[in-house]
Amino acid sequence: MSEKILTLHPSPDKMGVHIDKRKYTLIKKAILSSIKSHEQIRFKPTLISSVKENLEPTFDGSISWYVTTVKLDLEARGSIERIPKVSPQQLRMKS
C-alpha cells in the first residue's frame, strides 16, 4: 500500500483529502517550479497547463484535480498565496 498524506484546506470549515504522497510530491514540485519561473501565474489555465506539460503522459490520474488539491494545501501551509483582488485567480510565492 502506498503512503498517504492528508492535505490541508485554506478555508477552516473545509477538510483536506488523503492522497498518495508520491503524487503529492510530484505535483508540489511542478507547482512551485512553475510559480517561481513566472513570479506570478494564472491558476487556470496557465498553471494547470504548465504542470501537465511537465508530467504528462506518465502521471496516473487527473492532473487538474491534483493541481487544485495541492494548490489549496500549499495555500493553507503558507507556501503560496492568491493575489488579492485579481480576477481570474493568480498565484505567487508567499514572501
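Considering each residue of the range 28-65, count those that are of a type in the set (Ser, Thr, Tyr), crowded, with 17+ Cβ neighbours inside 10 Å and under 15 Å from GLU81 (Cα atoms), and give that number.
Count: 1.
Go through the range 1-12 and count every residue that is of a type in the set (A, V, I, L, M) and without any contact (Cβ under 8 Å) to a residue 12 or more places away in the chain.
Of the residues in that region, 1 qualify.
List, please: which pairs have Cβ atoms under 6 Å, are six or more places apart or on different chains, and start with a residue in the range 13-27 that is surrounded by 12 or more Cβ atoms within 10 Å (Cβ to Cβ) and end with one that is part of a loop (DSSP other than H, G, I, E, B) and modelled with pLDDT of 95 or more?
That search, which allows pairs on different chains as well, returns GLY16/THR7; GLY16/LEU8; GLY16/HIS9; VAL17/THR7; LYS21/GLU3.
Residues in the range 66-74: is at least one surrounded by fewer than 16 Cβ atoms within 10 Å (Cβ to Cβ) and not aromatic (Phe, Trp, Tyr)?
Taking every residue of the range 66-74 in turn, none turns out to be surrounded by fewer than 16 Cβ atoms within 10 Å (Cβ to Cβ) and not aromatic (Phe, Trp, Tyr).
Applying the selection to the range 42-65, what residues are assigned to a helix (DSSP H, G or I) and touching a strand residue (DSSP E or B) at 6+ places or on another chain (Cβ under 7 Å)?
Within the range 42-65, PHE43, LEU47 qualify.
Select from the range 54-83 the residues that are farther than 17 Å from ILE19 by Cβ, out of contact with any Asp or Glu (no Cβ under 8 Å at 6 or more places or on another chain) and modelled with pLDDT of 95 or more and list them in ascending order.
If the condition is that a residue be farther than 17 Å from ILE19 by Cβ, out of contact with any Asp or Glu (no Cβ under 8 Å at 6 or more places or on another chain) and modelled with pLDDT of 95 or more, then GLY78, ILE80, ILE83 are the ones that fit.
If LYS85 meets every condition in (1) in a loop (DSSP other than H, G, I, E, B); (2) touching a His at 6+ places or on another chain (Cβ under 8 Å) apart from one, which number is that one?
With respect to (1) in a loop (DSSP other than H, G, I, E, B); (2) touching a His at 6+ places or on another chain (Cβ under 8 Å), LYS85 is out only on (2).
The values are calculated or read from the model by the stated rules, or taken from the named source; none is laboratory data. All values derive from a computational prediction rather than experimental measurement. No Cβ is skipped: glycine too gets one built from the backbone with ideal geometry, and neighbour counts run over all protein chains shown.
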